[in-house]
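**Q** Below you'll find the structure I mean.
The values are calculated or read from the model by the stated rules, or taken from the named source; none is laboratory data. This one's a predicted model, so the numbers in the text were calculated from it and none came from an experiment. Heads up, the Cβs are rebuilt from the backbone with ideal geometry, glycines too, and the neighbour counts pull from every protein chain shown. Accessible surface areas use protein heavy atoms only, side chains included; no ligands, DNA or RNA. Shrake-Rupley method; radii C 1.70, N 1.55, O 1.52, S 1.80 Å.
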Amino acid sequence: MALVCMLPGCCHEDGNVSQDDVHLISGAIDEDGNIALHFDLNTQYQGALYAAMRQDGDEINVLLYTRPANGASRKLLYSSGYHLVIPWPENAASVEVSLCGMKLEGWEKEGR
């Protein structure tokens, strides 16, 4: 049976979003000391996204899905783009973040 896809970049059977469809608008450390990402998709899709985050040392990998899958439990609703807050890892002086395989800048926490 062929998979029919109406949404470019979200064609995978498990509903994952590819890095080519992610457009990062901004990323910064917020007032609470967490990493705040604001992004949009380069598609017409504006439905809910589900985020799965995996931490390996000072690296955090965020995967996005168009439906709950593969441990993706954080639901993101569209509101002038998507907003994701990543808790700062305990005892980490700096953090590298990947969003759907796209390496973002690294962040350093002041006062650590």
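**Q** Using the Cβ atoms and a cut-off under 14 Å, what net charge is assigned to the surroundings of Arg54, where Lys and Arg are +1 and Asp and Glu are -1?
**A** Computed value for this residue: -3.
**Q** Could you do me a favour and compute the accessible area per residue for region 40-110, 1.4 Å probe, result in Å²?
**A** Each residue of region 40-110 exposes 56 Å² on average to a 1.4 Å probe.
**Q** Now for a separate question. Among (i) 47, 45, 18; (ii) 54, 28, 21; (iii) 65, 29, 23, which one is Cα extents along the principal axes in Å computed from these coordinates?
**A** Checking each listed value against the structure points to (ii).
**Q** Let me have the relative contact order for the chain, percent, based on Cα pairs under 8 Å that are six or more residues apart.
**A** 25 percent
**Q** What is the sum of charges, Lys and Arg at +1 and Asp and Glu at -1, for the other residues whose Cβ falls under 12 Å from the Cβ of Val85?
**A** -2
**Q** Carbon and sulfur atoms: what percent of the 1.4 Å accessible area of the chain do they account for?
**A** 47 percent
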